[in-house]
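**Q** A single structure is presented below for examination.
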Amino acid sequence: MRRRLVAWILFVGLITAVAYASRFTAGPPDRNALYQWSTAISELVVFAVIVVVTLAIAGSHHELLALRRPRSWRRAVTVALPLFIAVFVAVSALDRALHGAREQGIVPKHWEPRHASAFAASFVVVAFVAPFTEELLFRGLGYSLLERYLGRWPTIVAIGIAFGLYHGLVEALPELALFGCALAWLRSRTGSVFPGMLVHATFNAVGLLSVFL
């Protein structure tokens, strides 16, 4: 398990280093990136690689991924729903001060109907593929490996910070870390990554749909 943990740390560290290198060399984000087919395709490839490496690190220990039913779906829903509302309100409040969403620049400024098909493809990747991949990497494999050595609460904090850094952002880091901690806490309460995937997907989808407002 120590080797798997080291491999996970190195992998997440590599992604983080690449993300920050891109952040400081590529300039401001393209606010119309989701209107380009190349964005959906490139992101899909990246997430596919992350999933493959995550599965490779887990190896035959599939339980590390926490791809299992929650201990109770009813309890999971009663916990996940208020958590989503609380985190959404907290992140929105932080964003007013930190402007993390503007730094990330993922949501276009205006709706462009002529790019609807490309946006739909990007929507699927960001709202569904990304949450599945990131929950598997962080709240699945990462949480399982770290909890063995750190315990519950240090792992929740560590996973939240790692998740925030993984995005390669500065102003948005507190918002992402808070969101990552909340999802890690949900994972610890339910024993599954599925509730976190649903919360994560809903959060991303709501953010993307704001382009219509």
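Any read-out appearing in this document is the output of simple, stated calculations on the displayed coordinates, not a laboratory observation. Here the structure is a predicted model, which means the values were calculated and not measured. Cβ: placed from backbone, ideal geometry, glycine included. Neighbour counts: every protein chain shown.
**Q** Tell me, what ³J(HN,Hα) does each residue in the range 38-50 have, in order and in whole Hz, if you take phi through Karplus 6.51 cos²θ - 1.76 cosθ + 1.60 with θ = phi - 60° and put x for Gly and Pro?
**A** Karplus values, whole Hz, x for Gly and Pro: 4, 5, 4, 5, 5, 5, 5, 5, 4, 5, 5, 5, 4.
**Q** While we're on this one: If the chain between residue 206 and residue 152 were fully stretched, how many nm would it gain, using 0.36 nm times the residue separation less the Cα-Cα distance? Could the numbers behind the result be given before it?
**A** Numbers: separation 54, 0.36 × 54 = 19.44 nm, distance 2.95 nm.
So the extension gain works out to 16.5 nm.
**Q** Cα extents of the range 52-97 along the three principal axes, largest first, in whole Å?
**A** Result for the range 52-97: principal-axis Cα extents of 43, 30, 11 Å.
**Q** Kirkwood hydrodynamic radius for the range 1-98: how many Å is it when counted over pairs of different Cα atoms?
**A** Values: mean 1/r = 0.0576 Å⁻¹.
It works out to 17.4 Å.
**Q** On a 0 to 90 degree scale, rounded to 10, what angle separates helix 73-98 from the longest Cα axis of the chain?
**A** Result, in degrees: 50.
**Q** Per residue of the range 11-25, in order, report the coupling 6.51 cos²θ - 1.76 cosθ + 1.60 (Karplus, θ = phi - 60°) as ³J(HN,Hα) in whole Hz, putting x for Gly and Pro.
**A** With coefficients 6.51, -1.76 and 1.60, one gets 5, 5, x, 5, 4, 4, 4, 5, 5, 6, 4, 5, 4, 8, 10 Hz.
**Q** For the chain, what mean projected area does the convex hull of the alpha carbons give, in nm²?
**A** Details: hull surface 46.0 nm².
Value for the chain: 11.5 nm².
**Q** Starting from the Kirkwood Rh over alpha-carbon pairs, what translational D in µm² s⁻¹ does the range 108-202 have by Stokes-Einstein at 4 °C and 1.567 mPa s? Mind dumping the intermediate values first?
**A** Values: Rh = 14.1 Å.
Using the Kirkwood radius from Cα pairs, D works out to 92 µm²/s.
**Q** I would also like to ask the following. Using C-alpha positions alone, give me the convex hull volume of the range 66-130 per residue in cubic angstrom.
**A** Details: hull volume 9.1 nm³, N = 65.
Considering the Cα atoms of the range 66-130, their hull volume per residue is 140 Å³.
**Q** Also: Two decimals, Cα atoms only, Kirkwood Rh: what is Rg/Rh over the range 147-213? Mind dumping the intermediate values first?
**A** Working: Rg = 13.1 Å, Rh = 12.7 Å.
Rounded to two decimals, Rg/Rh equals 1.03.
**Q** At 7 Å along Cα-to-Cβ for each site, give me the label-to-label distance between residue 117 and residue 37 in nm.
**A** 0.7
**Q** Also, I was wondering about something else. What does the charge dipole of the chain about its Cα centre add up to, to the nearest 20 debye, if the Cβ of each Lys and Arg holds +1 and the Cβ of each Asp and Glu holds -1? Don't skip to the answer; put the middle values down first.
**A** Values: 19 positive and 11 negative charges, 154 e Å.
The dipole magnitude comes to about 740 debye.
**Q** For a paramagnetic label modelled at 7 Å from the Cα of residue 3 toward its Cβ, which residues of the range 27-57 fall within the zone defined by backbone nitrogen distances under 14 Å?
**A** Zone members listed by number: 56-57.
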